[in-house]
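The values are calculated or read from the model by the stated rules, or taken from the named source; none is laboratory data. Quantities reported herein were computed from a predicted structural model and do not represent experimental measurements. All Cβ positions, glycine included, derive from the backbone under ideal geometry; neighbour counts span all protein chains shown.
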Amino acid sequence: MFTHAPRGSRPSAEILEGLRGASPSTLGHYTDCGFLRGLRPNLRRFKLVGSAITVRLPHLDSTALHYALDSVEPGDVLVVDQSGDHERACWGSVVTVAARARGAVGALIDGSTTDVAEIAAMEFPTFSRGASALTTRILGLEGSVNIPVTVGGVTVMPGDVIFGDENGVVAMSAAAAASWLPILTADEADEPSWVTRLEAGASLAEMSGARALFEKGMRAAPGGDG
């Protein structure tokens, strides 16, 4: 059986544009939530910000992924749950061409990719479990589009914000992205001043608060005088 649910609302252009000036690693200073585990990027340097269109495949049948490509809108990120099959590739160069032609800006694949050199040459940001020559097929068995999926241990909803770069990727609701954006923006603005102070010899432990925390919890070493 195949299902295709309405996607619902998309994140605002203001949220997406704001995240383009931030880094996922800055968010990683504050929370573990939403970070996809086990997926690796295919490019050395890029920024990925977009809206999720979700797909669930039954292992070897990628009929639903090909169907979902017709629903892609500019700024979308394809997020594909392969039902636990991490070895098989549902994503290759032809799928990439089709996705780009519709305006997709990236893909998160909880499985493998193939044609890795060609996808990299197109500079299309893709996160996956690795490379494989074993691929999915068009069999017409089952699949779903725009339903909750699990990718990299994270539940991703259609319309979620996808925020990534060469260091990693996070999925979160538009509301969560809006609440984090002022914090990330402030941190990114502060970073140059931190670099300037550290280059001048300032203590990172003092600036970060690590010194105060360490000394507060420090006990005398065995055999010491204190």
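Points worth noting:
- Scanning the range 1-21 for residues that are within 23 Å of Pro74 (Cα to Cα), out of contact with any strand residue (DSSP E or B) (no Cβ under 8 Å at 6 or more places or on another chain) and in a loop (DSSP other than H, G, I, E, B) returns Pro6, Gly8, Ser9, Ser12, Gly21.
- Of all residues making up the range 116-134, the number that are more than 16 Å from Ala99 (Cβ to Cβ) and in a strand (DSSP E or B): 2
- Among the residues listed as Glu123, Glu142, Glu73, the single one being at pLDDT 95 or above, more than 18 Å from Ile53 (Cα to Cα) and either crowded, with 24+ Cβ neighbours inside 10 Å or assigned by TED's automatic domain parsing to the domain that holds Ile15 (or both): Glu123
- Of all residues in the range 42-70 being under 18 Å from the mean Cα position of the chain (by Cα) and farther than 20 Å from Gly168 by Cβ, the one that is surrounded by the most Cβ atoms within 10 Å (Cβ to Cβ): Val55
- Residue within the range 83-104 that is among the hydroxyl-bearing types (Ser, Thr, Tyr) and either crowded, with 24+ Cβ neighbours inside 10 Å or in contact (Cβ under 8 Å) with a residue 40 or more places away in the chain (or both) present: no
- Any hit, the range 195-202, residues being among the acidic types (Asp, Glu), modelled with pLDDT of 95 or more and more than 22 Å from Ser83 (Cα to Cα): yes
- Residue count for the range 68-104 under the criterion of being part of a loop (DSSP other than H, G, I, E, B) and either closer than 21 Å to Thr3 by Cα or touching a helix residue (DSSP H, G or I) at 6+ places or on another chain (Cβ under 9 Å) (or both): the result is 12.
- Filter pass, Ser144 being among the small types (Gly, Ala, Ser), touching a strand residue (DSSP E or B) at 6+ places or on another chain (Cβ under 7 Å), farther than 21 Å from Gly18 by Cα and assigned to a loop (DSSP other than H, G, I, E, B): no
- For the range 1-51, a residue qualifies if it is out of contact with any helix residue (DSSP H, G or I) (no Cβ under 9 Å at 6 or more places or on another chain) and among the acidic types (Asp, Glu), and the qualifying residues are Glu17, Asp32.
- Meets criteria (of a type in the set (Ser, Thr, Tyr), under 13 Å from the mean Cα position of the chain (by Cα), surrounded by fewer than 17 Cβ atoms within 10 Å (Cβ to Cβ) and modelled with pLDDT of 95 or more) for Ser25: yes
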